[in-house]
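Trainee: Here it is, the structure, as structure tokens.
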Amino acid sequence: MISLNLKKKFQELDVNDKKDVISNELMFIGELLKKLELYHDVQQDFKIKNYNLNSNLSEEDYLTFIYDDIFEVQKQLLTIISNIQIK
């Protein structure tokens with residue numbers, strides 16, 4: 001659960017900074033997944049996109065952009081779990 005202080009700081013950001021924070025968090029999660037996959041000898045064939053490189057996206061495009069990353073995280077977690085269960 002997120003701390004109230006951290007949540008308040010996030011709420012104080014403007015929309016573009018919030019998008020950057022969300023993108024950065026997803027990229028961090030992606031790096032954690034890569035470490036898990038390396039540890040469990042799972043092929044690492046994914047990349048979380050960096051919103052900062054595409055900051056001119058419309059709101060609709062941004063949501064699709066982030067959804068793609070969330071879907072990729074989900075897929076990689078399922079791959080890791082499947083690999084662990086097979087062993």
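None of the figures in this text is laboratory data; all of them are computed from the coordinates on show. These figures come from a predicted structure and were not determined experimentally. We place every Cβ from the backbone using ideal geometry, glycine too, and count neighbours over all the protein chains shown.
Trainee: What's the FRET efficiency of N5 with F28 using the Cβ-Cβ distance as r and R₀ = 22 Å, to the nearest 0.05?
Mentor: Efficiency at R0 = 22 Å is approximately 0.70.
Trainee: Further, regarding this structure: Efficiency by 1/(1 + (r/R0)^6): what FRET value for N50 and L13, r their Cβ-Cβ distance, R0 = 22 Å, to the nearest 0.05?
Mentor: Details: r = 18 Å, r/R0 = 0.81.
Efficiency at R0 = 22 Å is approximately 0.80.
Trainee: Report the residues of the stretch 52-87 in range of a label on Q43: point 7 Å along Cα→C-beta, backbone N strictly under 11 Å from it.
Mentor: Under cut-off, by backbone N: nothing.
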